[in-house]
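Report on one structure; see the data block that follows.
The values are calculated or read from the model by the stated rules, or taken from the named source; none is laboratory data. Computed from a predicted structure; not experimentally measured. Note that each Cβ is placed from the backbone with ideal geometry, even for glycine, and that neighbours are counted across all protein chains shown. All accessible areas refer to the heavy atoms of the entire protein, side chains included, with ligands and DNA or RNA removed. Shrake-Rupley method; radii C 1.70, N 1.55, O 1.52, S 1.80 Å.
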Amino acid sequence: MNQLRVSLNFHNCTHVYFRNSSCDKCLKVCPIEDAISFDNGRLEINEEKCINCGACFGICPTEAFSINGFFPDKLLDQISNAESPVISCKLNVPCIASLDPQYLISFVLFLKKDISLDISSCDSCSISILKERIINITRESNSFLEDIGVEEKVLLEDKSLWTEIPEIRNRRRFLKDFGKISAGLIFWTLVPEIDIEAQKEDEYKNIVEEKIIPEKRQFLIRALKDLDTDPEELFIRTDKLSFCSDKKIDNDLCTNCSICYNICPTGALKPERDRLQILFEPLVCVKCGICIEACPENCLDSEKKINLNTFLNGMKVLAEHVMIPCEECLVPFSYKGDSTICPRCRQLDDELKDLLGID
């Protein structure tokens with residue numbers, strides 16, 4: 001599918017928010033060696049090696065990758081009229097691995113039907129290694145659907161017995177549609193009044209402050225809002241999922257350093273009440289994990305499950321603090337009821353005593 005091209009907006013990458021983020025999902029899922037690289041703290045795509053399969057787009061928690069000309073909402077429209085909806089690299093996607101479980105869950109909820117993923121070409125494909133990801137996203141999707149009481153599933157099926165003529169016709173229509181979209185994009189980039197580079201600069205301003213909620217999460221939110229079941233009665237096993245979580249903080253260890261909510265790419269973690277509380281909104285958490293990695297006190301962790309109503313509508317208070325000035329340095333710190341001297345000054349006192357040999 002040469003009409004489709006993967007592009008990278010590094011400003012959405014978790015490494016922008018936390019340079020030392022361990023996230024390397026795109027590097028691991030990419031089936032072509034060195035098509036994606038991470039050098040000098042920055043991700044890059046080697047356009048000569050990239051085959052535009054879209055697996056990086058599907059797995060990136062913050063959607064730093066995109067597939068120009070590929071729109072999941074249009075895919076939903078394409079399969080919505082089918083009695084048995086099918087998603088296939090031979091018909092309507094560059095590769096099934098380009099889809100996130102949140103899209104598959106949403107498709108099932110919107111259509112109220114089983115959705116089949118055609119894996120008939122996977123074993124003979126040059127990037128057959130992606131079949132494992134397809135199996136994983138199917139497993140994740142069905143775990144979520146099971147937890148919320150939905151009987152319909154995402155199915156892995158071999159559609160190799162399809163008749164050849166309709167398949168070719170549908171594939172040609174698919175490529176023709178994307179050809180039109182690509183032509184339109186080329187036209188607009190040639191209009192002299194539009195300064196594309198200036199638009200990009202504006203788009204990238206204040207990216208950390210603005211926060212980003214990925215489109216796939218917005219898609220899932222719309223689908224779950226129409227769920228008939230009472231969300232209070234349902235629990236999601238977040239330890240089975242790669243895209244959502246619940247959080248907890250050990251208040252006794254938390255120093256209110258503000259790192260966790262300042263680096264959160266979606267704003268799921270945020271301060272409140274004069275920065276004396278740390279709040280968590282599960283609905284916009286994408287489980288990127290950088291808040292846990294960056295916490296200097298290791299007091300932030302994930303829960304194994306979450307109530308669906310909390311996921312959809314909740315705002316939790318994870319930590320509350322009383323701030324007082326340190327008696328020695330006068331810098332405010334989180335008072336735990338034991339000492340009126342901040343942890344840093346206490347550490348310095350202990351080090352000085354060790355140096356002088358004072359008990």
Requested in this report: Just name the residue that is farthest from P214 (Cα to Cα) out of those in the range 56-101 that are part of a loop (DSSP other than H, G, I, E, B) and β-branched (V, I, T).
Outcome: V93
Report summary line: Okay, strands (runs of 3 or more DSSP E) sitting entirely in the range 1-55 with 2 or more residues that are closer than 24 Å to F71 by Cα and at pLDDT below 95, I get 5-8, 42-45
Report summary line: Of the residues in the range 250-277 that are open to solvent by 50 Å² or more (accessible area, probe 1.4 Å) and under 24 Å from the mean Cα position of the chain (by Cα), the one that is nearest to A64 (Cα to Cα) is N262
Query raised in the report: Restricting the first residue to the range 91-108 and requiring it to be closer than 12 Å to L224 by Cα, which pairs with a second residue that is among the aromatic types (F, W, Y) meet a Cβ separation below 7 Å and a spacing of at least six or different chains?
Result: Q102/F219; Q102/F243; Y103/F219; I105/F144; S106/F219
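Yes/no per residue for (1) surrounded by 17 or more Cβ atoms within 10 Å (Cβ to Cβ); (2) under 19 Å from I127 (Cβ atoms); (3) touching a helix residue (DSSP H, G or I) at 6+ places or on another chain (Cβ under 7 Å); (4) touching a residue at least 24 places away in the same chain (Cβ under 8 Å):
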| position | (1), (2), (3), (4) |
| --- | --- |
| L4 | yes, yes, yes, yes |
| N12 | yes, no, no, yes |
| D24 | no, yes, no, no |
| C53 | yes, yes, yes, yes |
| F57 | yes, yes, yes, yes |
| S66 | yes, no, yes, yes |
Report task. Find the strands (runs of 3 or more DSSP E) located wholly in the range 282-359 whose residues include 1 or more that are aliphatic (A, V, I, L, M) and open to solvent by less than 80 Å² (accessible area, probe 1.4 Å), and list them. Result -> 300-303, 316-320, 323-325
Report task. Could you give me the residue pairs with C-beta distances under 7 Å whose first residue belongs to the range 245-265 and is assigned to a helix (DSSP H, G or I) and at pLDDT below 90, whose second residue is charged (D, E, K, R) and crowded, with 18+ Cβ neighbours inside 10 Å wherever it lies, and which are 6+ apart or on separate chains? Result -> none
Report task. Looking only at the range 102-135, count how many residues are part of a helix (DSSP H, G or I) and over 22 Å from the mean Cα position of the chain (by Cα). Result -> 2
Requested in this report: Starting from the range 324-345, keep only residues that are of a type in the set (D, E), then list their pairs with residues that are assigned to a loop (DSSP other than H, G, I, E, B) whose Cβ atoms are within a distance under 8 Å, requiring at least 6 positions of separation or different chains.
Outcome: E327/T340; E327/I341; E328/I341; E328/C342
